[in-house]
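A.B. asks: Shown below is the structure under consideration.
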Amino acid sequence: MGRVLVHGFVLILPFLLYGLYLWQVKRAGKDGPETTPWFWLSVAGLVLMILSFVAYGLLGEHGDGSYVPARWQDGQIVPGDIKR
């Protein structure tokens with residue numbers, strides 16, 4: 001769940017920064033840009049999200065075990081886990 005939140009935050013980060021920029025421009029009493037660069041904000045968010053996937057893959061935890069899938073045992077479903 002934590003990874004989903006981190007990657008989601010990284011995806012919307014350019015939009016948040018652009019909103020902060022617009023807020024500062026309006027607060028300073030200046031005219032902001034006439035159009036919002038939605039395409040480029042989306043591209044920047046996707047690039048950052050892909051980079052976060054790569055960084056997590058390179059720097060994240062790597063299991064040193066083997067996966068045992070879920071199974072039926074003694075009338076109960078035993079969830080899958082990683083045996084080390």
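A.B. asks: Pick out the one residue from Lys26, Lys83, Lys30 that is exposed (fewer than 10 other Cβ atoms within 10 Å of the Cβ), charged (D, E, K, R) and over 30 Å from Gly2 (Cα atoms).
C.D. replies: Result: Lys30 is the single residue among Lys26, Lys83, Lys30 that is exposed (fewer than 10 other Cβ atoms within 10 Å of the Cβ), charged (D, E, K, R) and over 30 Å from Gly2 (Cα atoms).
A.B. asks: Report the residue count in region 55-79 for those that are surrounded by 10 or more Cβ atoms within 10 Å (Cβ to Cβ) and either in contact (Cβ under 8 Å) with a residue 24 or more places away in the chain or closer than 21 Å to Gly2 by Cα (or both).
C.D. replies: Here the count works out to 2.
Throughout, read-outs are computed from the coordinates displayed, never taken from laboratory work. Quantities reported herein were computed from a predicted structural model and do not represent experimental measurements. Note that each Cβ is placed from the backbone with ideal geometry, even for glycine, and that neighbours are counted across all protein chains shown.
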